[in-house]
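S.K.: I'd like to ask you about the structure that follows.
The values are calculated or read from the model by the stated rules, or taken from the named source; none is laboratory data. Owing to the predicted nature of the structure, the values given are computational and were not obtained by experimental measurement. For neighbour counting, all protein chains shown are included, and Cβ atoms are generated from backbone atoms with ideal geometry for every residue, glycine included. For accessibility, only protein heavy atoms count, side chains too; no ligands or nucleic acids. Shrake-Rupley method; radii C 1.70, N 1.55, O 1.52, S 1.80 Å.
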Amino acid sequence: MTDDGVRVGDVAAPAPAAGEVLLRVETVGVNQLDLNVIAGAGPGAAARLPRTLGLDPAGTVAAVGAGVDANLIGSEVVAKPNIPCGHCRWCGEHRESECPAQEVLGVHRDGGACEAVAVPLSVVFPRHGLPAATATAAVHSVPIVLNAFDAADVRVGERVLVTGAGGVLGRVALDIGRHLGTSVTAASRHPVPDLPAGVREIVTGPTSDLAGAVTPSDRFDVVIDTSGSAALLAQAVALLGWCGRAVFCAASVDADLHVDAHAFYLQRRRLVGVASATFDQVTRGLELVRQGAVHVPIAQRFPLDDIHSAYAAFAAPRHGKVIIDV
Ligand SMILES: [Zn+2]
C-alpha cells in the first residue's frame, strides 16, 4: 500500500476541560479538509502534526468537564466541526460562521477519528433520534448549504441553479431548494443518481460545458455553486438574471474567477462566498434531515482499523459521504 500519511495507533484518552464534554465516538466522516491536513495544504496548514483527524464525530456523551450539566452523560449527540470563539462581534450577533477566530475539530485540535474526543459543549448538538452515521453525514454538509441559501436570501418560486449537483453538497442543495419552494435546476457533469422529483437536470459533460448545455432563454435568480470550479462558477454567474445572486460554498475553490463586473453593476448582481454555519443553521439542518426533507447520501462505511481504505474510497468517484465506524 502507498503511504497515505495516516497512522492508526493508541493515544492517551483525553479528559474534558471546563465547558467541554467527552464524546464516545460511533461515527466520523472523511472530508477534503482531512486530506488538506495530511498534505499541510490550504486550511489544513493550520494543523500541527501529529493530529487526530475527524471533523464531524457523532456518538454519546461519556463524561463532562467542569461547569457542564452531568445529566448530559448518555445523550446521543453530534459535534459541529467549526468552533467559534464566542467573544467576537460576529459571535455576539449569532453569526458564528463568520467568526474570524474559529477553530476546526481535527485541524486546530484533535478530532473524532478515535474512540473518544473532547469537544466544547457549544458545538455539541442533540441527535433527536438520528442514527450516528446520518448525523455525521449531515452535520457539516446540510448547514453549510443552508448558509448558502440564507446568504442568497432565496424566495419561494425563484429559479435556482445548483452547480456540482452530483456531489454531496450539491445533492443536499437540490433537496433544500425543493424544500424552500424554489424551481431547482441541477447542473452536473454526469446524470445525478436518484434525482429528486421535480428537479430539472442539465448534464454538462466531462468538460463542465454549462454554457453549451443551457437553452438561450435560461436565466436564474440564484446560483448555488458546490463545485469549486471557477470556470463553472463563471459560466453560472453569466446565467444570472436581474438582481441575481451567486453563492459558492465548496471547500476547495479555484482562485482565479473571471466575472463581467459591468454586468454585475447593470444587473444588480451579488456574489457571496460562505463557509461553515451558524448554530441556528446546524439545528435547522439536522431537523430537516430528521423530517426527511433533506437526504444526505452515504456511499461507503469502513471500520476505524481500515481507515486507509476509507481515504482511498474518498478519493475515488463516489455518490455520497464516506463514513468511518469507530
Ligand atoms: Zn467569534
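S.K.: Being β-branched (Val, Ile, Thr) and crowded, with 20+ Cβ neighbours inside 10 Å is the filter here; which residues of region 205-233 pass it?
M.R.: First, pick out the residues of region 205-233 that are β-branched (Val, Ile, Thr): 207, 214-215, 222-224, 226.
Hits for region 205-233 are Val214, Val222, Val223, Ile224, Thr226.
S.K.: Identify all residues within region 22-48 that are among the hydrophobic types (A, V, I, L, M, F, W, C) and either surrounded by fewer than 17 Cβ atoms within 10 Å (Cβ to Cβ) or modelled with pLDDT under 95 (or both); write none if there are none.
M.R.: If we filter region 22-48 for residues that are among the hydrophobic types (A, V, I, L, M, F, W, C), which is where we start, we get 22-23, 25, 28, 30, 33, 35, 37-39, 41, 45-47.
Hits for region 22-48 are Leu33, Leu35, Val37, Ile38, Ala39, Ala41, Ala45, Ala46, Ala47.
S.K.: Looking only at residues that are part of a strand (DSSP E or B) and touching a residue at least 40 places away in the same chain (Cβ under 8 Å) in region 291-306, which one is least open to solvent (accessible area, probe 1.4 Å)? Even if it seems obvious, please write down each step before you answer.
M.R.: Keep residues of region 291-306 that are part of a strand (DSSP E or B), which gives 298-303.
Restricting the remaining residues to those that are touching a residue at least 40 places away in the same chain (Cβ under 8 Å) gives 298, 301.
On the way: Ile298: 63, Arg301: 126 Å².
Out of the qualifying residues, it is Ile298.
S.K.: Answer yes or no as to whether Gly19 is open to solvent by less than 60 Å² (accessible area, probe 1.4 Å), over 30 Å from Ala255 (Cα atoms) and within 16 Å of the ligand (Cβ to nearest atom).
M.R.: On the way: open to solvent by less than 60 Å² (accessible area, probe 1.4 Å): yes; over 30 Å from Ala255 (Cα atoms): yes; within 16 Å of the ligand (Cβ to nearest atom): yes.
For Gly19, the condition - open to solvent by less than 60 Å² (accessible area, probe 1.4 Å), over 30 Å from Ala255 (Cα atoms) and within 16 Å of the ligand (Cβ to nearest atom) - is met.
S.K.: So which residues in region 234-250 are more than 18 Å from Asp153 (Cβ to Cβ) and either open to solvent by 30 Å² or more (accessible area, probe 1.4 Å) or not hydrophobic (A, V, I, L, M, F, W, C) (or both), if there are any at all?
M.R.: Initially, region 234-250 is screened for residues more than 18 Å from Asp153 (Cβ to Cβ), giving 234-235, 238-239, 250.
Hits for region 234-250 are Gln235, Ala238.
S.K.: Moving on. Working carefully through the options Glu98, Glu93, find the one that is open to solvent by 40 Å² or more (accessible area, probe 1.4 Å), out of contact with any helix residue (DSSP H, G or I) (no Cβ under 8 Å at 6 or more places or on another chain) and closer than 30 Å to Val223 by Cβ. Before you say what the answer is, go through the steps one by one.
M.R.: Numbers: Glu98 fails: out of contact with any helix residue (DSSP H, G or I) (no Cβ under 8 Å at 6 or more places or on another chain).
On inspection, the qualifying residue turns out to be Glu93.
S.K.: Within region 131-184, can you find the residues that are farther than 16 Å from Arg200 by Cβ and acidic (Asp, Glu)?
M.R.: Asp150, Asp153
S.K.: Please name all residue pairs, on different chains or six or more residues apart, with Cβ atoms under 6 Å, provided the first residue is in region 75-93 and is in contact (Cβ under 8 Å) with a residue 12 or more places away in the chain and within 8 Å of the ligand (Cβ to nearest atom) and the second residue is among the polar types (S, T, N, Q) and outside any strand (DSSP E or B).
M.R.: Pro84/Gln102
S.K.: Something else now. Checking the conditions here, which among Ala63, Ala70 is more than 19 Å from Thr136 (Cβ to Cβ), at pLDDT 95 or above and surrounded by 15 or more Cβ atoms within 10 Å (Cβ to Cβ)?
M.R.: Unique residue meeting the criteria: Ala63.
S.K.: So which pairs qualify, if the first residue must be in region 308-326 and more than 18 Å from Ala39 (Cβ to Cβ) and open to solvent by 50 Å² or more (accessible area, probe 1.4 Å), the second must be hydroxyl-bearing (Ser, Thr, Tyr) and not in a loop (DSSP other than H, G, I, E, B), the Cβ gap must be under 8 Å, and the two must be at least 6 apart or on different chains?
M.R.: If the second residue must be hydroxyl-bearing (Ser, Thr, Tyr) and not in a loop (DSSP other than H, G, I, E, B), the pairs left are Val326/Thr27.
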